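The values are calculated or read from the model by the stated rules, or taken from the named source; none is laboratory data. All of these numbers come straight from a predicted model, not from anything done at the bench. Reconstructed Cβ throughout: ideal geometry from the backbone, glycine too, with neighbour counts over all protein chains shown. Heavy atoms of the whole protein, side chains included, go into the accessibility calculation; ligands, DNA and RNA do not. Shrake-Rupley method; radii C 1.70, N 1.55, O 1.52, S 1.80 Å.
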Amino acid sequence: MLDLGRLRALHAVAAHGTVGAAAAALGYTPSAVSQQIAKLERETRTTLLERSGRGVRLTDEARQLADTAQQLLSLVEEAEVRLEERRGLPSGRLRIGCFPSAARGLMPRVLADLARRHPALDARLTEVDPHLSVDLVARGVLDLAVAHDWDIAPLPVPQGVAQAVIGDDLCDILVPRDHPLAARDGVRREDLTEERWITQPPGTVCHDWLMRTLRATGYEPLIAHQAEENHTQVALVAAGLGIALVPRLGRGELPAEVVPLRLDPIPTRRLRALWRTGAARRPAITETVRTLKELWPGVASAG
């Protein structure tokens with residue numbers, strides 16, 4: 001008999017690419033995940049992981065077994081949904097993926113509210129890029145994701161994944177206090193053609209949106225510095241090293257050396273909750289989505 005917990009560990013490694021990332025998603029230590037895989041290798045008498053540089057890679061047999069594991073986990077999820085639906089109360093483990101600024105600015109309130117009202121629900125949070133989170137939901141690694149997209153860069157949602165709009169997050173241009181534009185009430189895209197930009201690395205939603213938007217004005221933006229964290233971007237702006245487009249969610253109070261400016265039209269990213277359609281009846285999903293929508297206006301106004 002194949003142990004479901006060990007199959008879940010293998011499936012997580014296949015989905016996340018590394019033992020460490022799989023452990024973080026499952027709430028285990030990397031050592032515990034490695035032990036689960038080792039036991040599964042002994043049970044199946046098959047090599048599942050092979051060394052590749054500093055990491056590991058799945059063998060062909062492991063990938064086949066991971067595909068089967070996904071099918072089995074889907075059946076288990078369906079059974080869990082039916083049981084939870086009969087009880088009518090949110091319960092069990094809920095794996096939530098969320099992009100960093102929402103993990104900082106929104107999810108603490110949401111998770112605290114869920115824990116207070118539904119003690120039988122074990123909600124667990126993992127930071128993950130929006131583009132990755134959709135695929136992780138589709139594959140059953142995450143139960144629910146909080147992601148975002150922009151008007152000119154919509155988030156692709158595959159078949160079998162449902163979604164709901166949480167709300168809109170406004171963005172500002174941040175400039176050093178001694179910047180020539182700092183005294184203005186607002187700026188247009190055409191005013192920013194000679195600026196040095198601080199942005200997230202290529203491949204992220206925010207970076208791609210910025211590049212597309214500025215290129216639409218007919219010039220190639222000068223990217224001076226790249227930083228994943230918004231707080232790091234703010235610090236670079238405060239040091240006078242460039243300007244940045246930073247969303248308000250999770251930004252926190254700005255230092256005295258930084259001035260926010262309104263960009264006309266105001267850049268907006270839309271927050272969405274995503275989950276598998278097969279789990280749509282699960283009370284844990286419906287209650288978490290309801291809580292996200294309910295708490296968002298207070299979070300947005302505070303930002």
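General observations
- Residues in segment 98-116 that a label on ALA227 would reach, taking backbone N under 19 Å of a point 7 Å out along Cα→Cβ: 100-105
- Compactness of segment 149-239 as Cα Rg over 2.2 N^0.38 Å, two decimals: 1.24
- Put simply, the amide H of ALA123, placed in the peptide plane, has neighbours under 5 Å in LEU94, leaving out anything fewer than 5 places away on its chain.
- Volume per residue of the C-alpha convex hull in segment 37-148, rounded to whole Å³: 145
- With both labels modelled 7 Å from their Cα along Cα-to-Cβ, the TYR219 to VAL157 distance reads 3.7 nm.
- Net charge over other residues, Cβ less than 12 angstrom from the Cβ of LEU72 (K, R count +1; D, E count -1): -2
- Working note: Karplus 6.51/-1.76/1.60 with θ = phi - 60° gives segment 276-287 the couplings 6, 4, x, 9, 4, 7, 5, x, 4, 6, 4, 6 Hz, where Gly and Pro are set to x.
- Gaussian network model of the chain, Cα within-10 Å springs - most flexible of GLU257, GLU190, GLU41: GLU190
- The H on the amide N of GLY167, modeled in the peptide plane, is under 5 Å from the matching H of LEU271, each at least 5 residues off or on a different chain.
- Net +/- balance of residues flanking SER133 in space, Cβ distance below 12 Å, scoring K and R +1, D and E -1: -2
- Hydrodynamic analysis of the chain uses the Kirkwood radius over alpha carbon pairs. Inserted into Stokes-Einstein at 4 °C and 1.567 mPa s, it gives a translational diffusion coefficient of 61 µm²/s.
- A compact globular protein would have a Cα radius of gyration near 2.2 N^0.38 Å; the ratio found for segment 113-191 is 1.63.
- Approximating the spin labels as points 7 Å out from Cα along Cα→Cβ, the ASP113-to-GLU80 distance works out to 2.3 nm.
- Amide H to amide H distances under 5 Å link SER91 with ALA284, where only residues 5 or more positions off or on other chains count and H is placed in the peptide plane.
- Accessible area per residue, Å², the chain with all protein chains present, probe 1.4 Å: 49
- Whole-Hz ³J(HN,Hα) from phi, Karplus 6.51 cos²θ - 1.76 cosθ + 1.60, for segment 164-175, glycine and proline x: 9, 6, 8, x, 10, 10, 7, 10, 10, 7, 9, 10
- Virtual spin-label span in nm between LEU241 and LEU254, 7 Å along Cα→Cβ: 1.9
- The fraction of accessible area contributed by carbon and sulfur in segment 135-208 is 48 percent, rounded to a whole number (1.4 Å probe; ligands and nucleic acids excluded).
- Along segment 42-53 the Karplus relation, 6.51 cos²θ - 1.76 cosθ + 1.60 evaluated at θ = phi - 60°, assigns HN-Hα couplings of 5, 5, 8, 6, 9, 6, 9, 10, 10, 5, 9, x Hz to successive residues, with x for each Gly and Pro.
- Measuring r between the beta carbons of ARG196 and ALA280 and using R0 = 45 Å, the FRET efficiency lands at 0.45.
- Just so you know, the averaged projected area of the alpha carbon convex hull for segment 250-296 sits at 5.2 nm².
- Theoretical gain in end-to-end length, GLN64 to SER31 [0.36 nm per residue, Cα-Cα removed]: 9.5 nm
- Dividing the convex hull volume of the alpha-carbon atoms in segment 159-303 by its residue count gives 123 Å³ per residue.
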